[in-house]
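The values are calculated or read from the model by the stated rules, or taken from the named source; none is laboratory data. Remember, it's a predicted structure, so these values are computed and weren't measured experimentally. Every residue, glycine among them, receives a Cβ derived from its backbone with ideal geometry; neighbour counts consider all protein chains shown. Ligands, DNA and RNA are excluded from the accessible area calculation, which covers all protein heavy atoms including side chains. Shrake-Rupley method; radii C 1.70, N 1.55, O 1.52, S 1.80 Å.
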Amino acid sequence: MALSWRSWLANEGSKHLFLFFWLSLNVWLFGKTFLLYNQGLQYYYLHQMLGLGLCVSRASASVLNLNCCLVLLPMCRVLLAFLRGSQKVASKKTRRLLDKSKTFHVTCGVTICIFSVLHVAAHLVNALNFSENYNEEFVTLNAANYRGEDPRKLLFATIPGLTGVIMVLVLFLMCTASTYAIRVSNYDIFWYTHNLFFVFYMLLMLHVSGGVLKYQTNLEEHPPGCFNPNKTLRQNLTVPKAFEELFPDYTTEPFPQDPAVPEPFVQNSFMRVCSEEPKFQSHFPETWFWISGPLCLYCVERLYRYIRSNKPVTITSVISHPSNVLEVRMVKDDFEARPGQYVILHCPRVSALESHPFTLTMCPTDTKATFGVHLKVVGDWTERFRDLLLLHSNQDTEILPIFQQRRYPKLYVDGPFGSPFEESLNYEVSLCVAGGIGVTPFASVLNTLLDGWKCYKLRRLYFIWVCRDIESFRWFADLLCMLHNKLWQENRPDYINIQLYLSQTDGIQKIIGEKYQALNSRLLIGRPRWKLLFDDIAKCNRRKTIGVFCCGPNKISKILHKLSNSSNSYGTRFEYNKESFS
């Protein structure tokens, strides 16, 4: 399969180039800081005591400062949604970079883990060197109290050491719980351990306030390795007895034949004289500068989100669909959302702390204030939520009237937040591929087109929906039929191309109901032949840019991603987008 470099640059190239730039930036920052502590005169005496452990620990700390600063920004959902919806980010390519916020967050997290290992290893060496290289001449420079002190005291009996140990444990929990296996098998563990980030940052603020590593402040008065006459005369000069009364401070030890000369001056053609003893001072905690801004921004946003979502919504109806899918419709004052966005639901009766994101399947418009979500009952949270909403858990399909509202639990909605599917209406041609419940982001798009399609740039929509059982199509069968009939009445039957695929079946099946005849004619058995599908779309839309949107299994996503990067003979370019909750 030939690779289109233009498509690759549009889909994957920008991400790879950014990751390469980010890696280069971290390596450059590490190298620059390493050289500063290795060659800087203000760290001469500290370097003599600690060696390369000083350079590695400080260089890794600078990289950690940068990543701990930026890892919070991709989690500022309100900021990202504002940037996506504002006119200040008019470029589609720039908006697509916002879709990589989760990738950037993960990249910063992995970088923090890698350089934390380097930082810890370097400080273990530093603790050992502080103990073995204890120097009585520079008492303030030593972290140890005496030569041979147990290095474990520096790790567990000091604020920097103890906070560092706890931070390592917290980071280990967060990293291990972030793996794909744990997130899929038990999302609660991931959610609760990830919220330990606040403990991590508080410990980080304390960790850097210890001031263990010091630098010399009086380089002019005491150049490193200079000749100290007061100290040298006392040790090496013999004074005649006739002058002992005039110089009582000097001893009458024999004058050595070869006076000791400091080694640094043997290598220099001249000798600089010290005017005072070296003075050392701890650095101001630079980490505070790095993390205070993003941390305050994140806290302000969380406060804003709490205030915005503090009022519970009014649930107007609850519908139990086939295949364990629940639809919740609700209203909320001053709630506005765009097609493709998602919200975070929080039900205190289900869990006091836990909340989950769900894509909007219906957005409020000028004529109706109702919005809704569809959720698949697959875990403990959704099971408890379903049991609280439905009057009888064994009912099949029932719309609960508003007069039974008192039986609904309180539900809080945080959002809406942006997603890649907002761009589906900004292409002239879009290809939307859904797998199972992954159809939810496109449902809001279809509902929006049902209200009116002429105000959008979109002029042709390819809608592909793959399900395992026939009943799943009934989730949005009515919506698809209404949109199909509306477009036929407006003489635009070619506006939307619907293809439904039933991947698992024992024979020919149909969606039950006379009103679904339009969908039955578009129901195919088996899986889509993706290569032929892309070739056909490229042929019908020569020299156009087509937005590809996918929400479904990773297997389908990888196939579509690969085909979007491939070249074709029609000059058609495919830009790939994938659902990813940040």
key: Mean Cβ count within 10 Å, highest first, over the residues of peptides 427-439, 454-466   = 427-439, 454-466
ask   = In nm, to one decimal, how far is the modelled label at TYR456 from the one at LYS515, with both set 7 Å along Cα→Cβ?
value = 2.2
Gain upon complete extension [ILE525, VAL110; 0.36 nm per residue less C-alpha separation] = 145.1 nm
key: Added length on full extension, which subtracts the Cα-Cα distance from 0.36 nm per residue, ILE166 to GLU221   = 15.7 nm
request  = In nm, give the distance between the simple-model label positions of VAL184 and ARG542, each being 7 Å from the Cα along the Cα-to-Cβ direction.
outcome  = 4.4
message = I'd like the FRET efficiency for LEU155 and GLU336, computed as 1/(1 + (r/R0)^6) with the beta carbon distance as r and R0 of 41 Å, rounded to 0.05.
response = 0.15
ask   = Can you give the accessible area of LEU502 in Å² (nearest 10), computed on protein heavy atoms with a 1.4 Å probe?
value = 0
note = Stretched fully, the stretch from LYS368 through TRP28 gains (0.36 nm per residue minus C-alpha distance, one decimal, in nm) 117.0 nm
ask   = Ranked highest first by average number of other Cβ atoms within 10 Å, how do 274-285, 559-570, 47-58 line up?
value = 47-58, 559-570, 274-285
query = At what distance in nm do the modelled label points of ASN324 and ASN135 sit from each other, each positioned 7 Å from its Cα along Cα→Cβ?
reply = 6.7
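So how do TRP28, TRP22 rank on accessible area, 1.4 Å probe, biggest first, that is with the largest at the start?
Correct descending sequence by accessible area is TRP28, TRP22.
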query = What FRET efficiency would be calculated for the residue pair ARG308, LEU52, taking the C-beta separation as r and a Förster radius of 45 Å, to the nearest 0.05?
reply = 0.35
inquiry  = Probe radius 1.4 Å, ligands and nucleic acids left out: which of LEU390, LEU297, LEU450 has the largest accessible area, and how do the rest follow?
reply    = LEU297, LEU450, LEU390
note = Between SER569 and SER282, Cβ-based FRET efficiency (R0 51 Å, step 0.05) works out to 0.15
key: Inter-part distance where the range 34-64 and the range 421-490 are each reduced to a Cα centre, Å   = 59
message = I need the peptides 112-118, 410-416 ranked by packing, meaning the mean over residues of other C-beta atoms within 10 angstrom, with the highest value on top.
response = 410-416, 112-118
